[in-house]
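Here is the structure we will look at.
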Amino acid sequence: MAASRAPEPTEPLRQTPLHGLHLSLGAKMVPFAGYDMPVQYPLGILKEHLHTRAAAGLFDVSHMGQAVLRAKPGIDIAECFEQLVPGNIRDLKPGQMRYTTLLTGTGGIIDDLMVTRPVAPEHADKLFLVVNAARKAVDFAHISAALGDRAELKPLDTRALLALQGPAAAEVLSAHIPQTESLGFMQAQRIEIDGADLIVSRCGYTGEDGFEISIPAEYAATWAEKLLAAHAVEAIGLGARDSLRLEAGLCLYGHDIDETTTPVEAALGWSIGKRRRAEGGFPGAAIIQKQLADGPSRLRVGLALEGRAPAREGAAIVDAAGQKIGQVTSGTFGPSVGGPVAMGYVDSAFAKPGRTLAILVRGKALAAKVVAMPFTEKHFHRND
Amino acid sequence: MSDIRFTEEHEWIRLDGDVGTVGITDYAQEQLGDIVFVELPEQGKTVKQGDEIAVVESVKAASEIYAPVTGEVTDTNGALEEAPETVNAEAEDGGWFFRMRVTDPGELSTLMDSDAYKSYIAELD
């Protein structure tokens, strides 16, 4: 048997503030984005995945990049940041957060990220950003270079980030932090508790209700242990994080999106605000506006395969005549779906849900269908 | 007691007459994690020692299985198609992959016996 092995890292791996906890929980550690991260715990990916959908899972996502972007005097921070992203940042209310993308001059995705406007009026000149681990150096350099004369980017590298996801997450978290009960989906709040300055947001990467908790490094292990003590909560590794987000139809940077894909091609058009579509004023606006008007030539779609064999990243997607019409960008066996799930880009002519295609796996054409995503029902918290 | 031999790639082969039963070791299934799919070879297929002959997929990745010796596939464990998790539960027993007629029994001497394999995996950890 030849298992795929990760390449030897060239630099020493970084550790998150929860590294010791992962080891004590018996995690299998792997290199990821320069960090030594838990890919799974003794429970295993399949059970970790199912447990998150049934109860709650705690994820260490401290490798992700957190930063505060602060406007210089006389500058509106939202207008300033809108020059780099197509999202509607100006209309973000205090405490509201939004998913958006940093774009290249041709509309390619430098990274996808979460942008939060702080609640407190004295922080009205700031935005809180959470970006991908593997892209944080690139993102931060890009933002500083583009906006340096109008805003200052301060990486929050002494903060850990925990994600508590699943139907039991709200009950578990509100037992410790009652204020989180009333937090709406895609809302964030700064909460000081037992001396720790937390930023709690109701969002996630699993398709379930849940929270992300930004916390000073020195408090991270204590809080992780506190949350893990709840019967409903299990520690969940990056393996299940990937299968959960794939079933939820969410993109993984470097796989489903990168600098060669635009948000329109990536089926992220919903993240481009109405005003922004009309006015432009973001990198690659002309290209993106044209794609929005005429339709893109290729589109990211969900793919359900017949049988049990998963199609993996890189597999060719072909039409009935065997012509290549696209490529798989992520694929695995979806534990909750109970079958293989994949996403990839196809020529737009083939992108309609219900369309029958085939995916080449080890030389065999496996029947597949274009399906609407998510693959599993979304269970986000509904704001009243 | 039938003769069981191991490859460095973590396949096992148990010989009964000239027919060998092949699977992956308990160590291998532990490394792979939850197995969700096994692609079995076709009956009658002839393979040389070291040829790719089957594929095992976990949630995370696909891994190739190599023929431990030269021979012809005579039977496959069809139960794995519906229940691939059997490989996790019973890797060296009910989770066997296929049987093969061994054409060159001399090749078995190139493989490890149980004790040698135990020391081999002890050094991998």
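The values are calculated or read from the model by the stated rules, or taken from the named source; none is laboratory data. Quick caveat, the model's predicted, so the values are computed rather than measured. Methodologically, a virtual Cβ is constructed for each residue, glycine included, from the backbone with ideal geometry; neighbour enumeration extends over all protein chains shown.
Considering only residues that are of a type in the set (S, T, N, Q) and not in a loop (DSSP other than H, G, I, E, B), look in the stretch A:311-346 and name the one that is nearest to A:Leu43 (Cα to Cα).
So the first thing to find is which residues in the stretch A:311-346 are of a type in the set (S, T, N, Q), and the list is A:323, A:327, A:329-330, A:332, A:336.
Subset that is not in a loop (DSSP other than H, G, I, E, B): A:327, A:329-330, A:332.
Numbers: A:Gln327: 32, A:Thr329: 27, A:Ser330: 24, A:Thr332: 19 Å.
Ranking the candidates gives A:Thr332 first.
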When the residues of the stretch A:11-30 are filtered to those that are of a type outside the set (Val, Ile, Thr) and within 14 Å of another protein chain (Cβ to nearest Cβ), which remaining residue is surrounded by the most Cβ atoms within 10 Å (Cβ to Cβ)?
-> A:Ala27
Scanning for something surrounded by 20 or more Cβ atoms within 10 Å (Cβ to Cβ), under 24 Å from B:Ala122 (Cα atoms) and away from every other protein chain (no Cβ under 14 Å), does the stretch B:32-53 turn up at least one residue?
-> no
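For (1) out of contact with any strand residue (DSSP E or B) (no Cβ under 8 Å at 6 or more places or on another chain); (2) within 26 Å of A:Thr206 (Cβ to Cβ); (3) at pLDDT 95 or above, each residue gets a yes or a no:
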{"site": "A:Pro310", "(1), (2), (3)": "no, yes, yes"}
{"site": "A:Ala320", "(1), (2), (3)": "no, no, no"}
{"site": "A:Gln323", "(1), (2), (3)": "yes, no, yes"}
{"site": "A:Ser330", "(1), (2), (3)": "no, yes, yes"}
{"site": "A:Val341", "(1), (2), (3)": "no, yes, yes"}
{"site": "A:Pro353", "(1), (2), (3)": "no, yes, yes"}
{"site": "A:Leu357", "(1), (2), (3)": "no, no, yes"}
{"site": "A:Leu360", "(1), (2), (3)": "no, no, yes"}
{"site": "A:Lys364", "(1), (2), (3)": "yes, no, no"}
Here the residues within the stretch B:10-31 that are under 10 Å from the mean Cα position of the chain (by Cα) and either on the phi > 0 side of the Ramachandran plot or surrounded by fewer than 17 Cβ atoms within 10 Å (Cβ to Cβ) (or both) are B:His10
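Output the residue which, of all residues in the stretch A:347-361 that are part of a loop (DSSP other than H, G, I, E, B) and surrounded by 15 or more Cβ atoms within 10 Å (Cβ to Cβ), is farthest from the chain's Cα centre (by Cα).
Residue satisfying both the conditions and the ranking: A:Arg355.
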Which one of these is at pLDDT below 95, crowded, with 16+ Cβ neighbours inside 10 Å and at negative phi: A:Gly239, A:Gly273?
-> A:Gly273
Of the conditions (1) out of contact with any helix residue (DSSP H, G or I) (no Cβ under 6 Å at 6 or more places or on another chain); (2) within 28 Å of A:Gly108 (Cα to Cα); (3) small (Gly, Ala, Ser), A:Ser330 clears all except one; give me its number.
-> (1)
Condition test on A:Ile257, is it under 28 Å from A:Ile359 (Cα atoms) and touching a residue at least 12 places away in the same chain (Cβ under 8 Å)?
-> yes
Kindly provide the set of residues from the stretch A:299-310 that are more than 10 Å from every other protein chain (Cβ to nearest Cβ) and either free of Cβ contacts under 8 Å to residues at least 12 places away in the same chain or out of contact with any helix residue (DSSP H, G or I) (no Cβ under 6 Å at 6 or more places or on another chain) (or both), ordered by number.
-> A:Arg300, A:Val301, A:Gly302, A:Leu303, A:Ala304, A:Leu305, A:Glu306
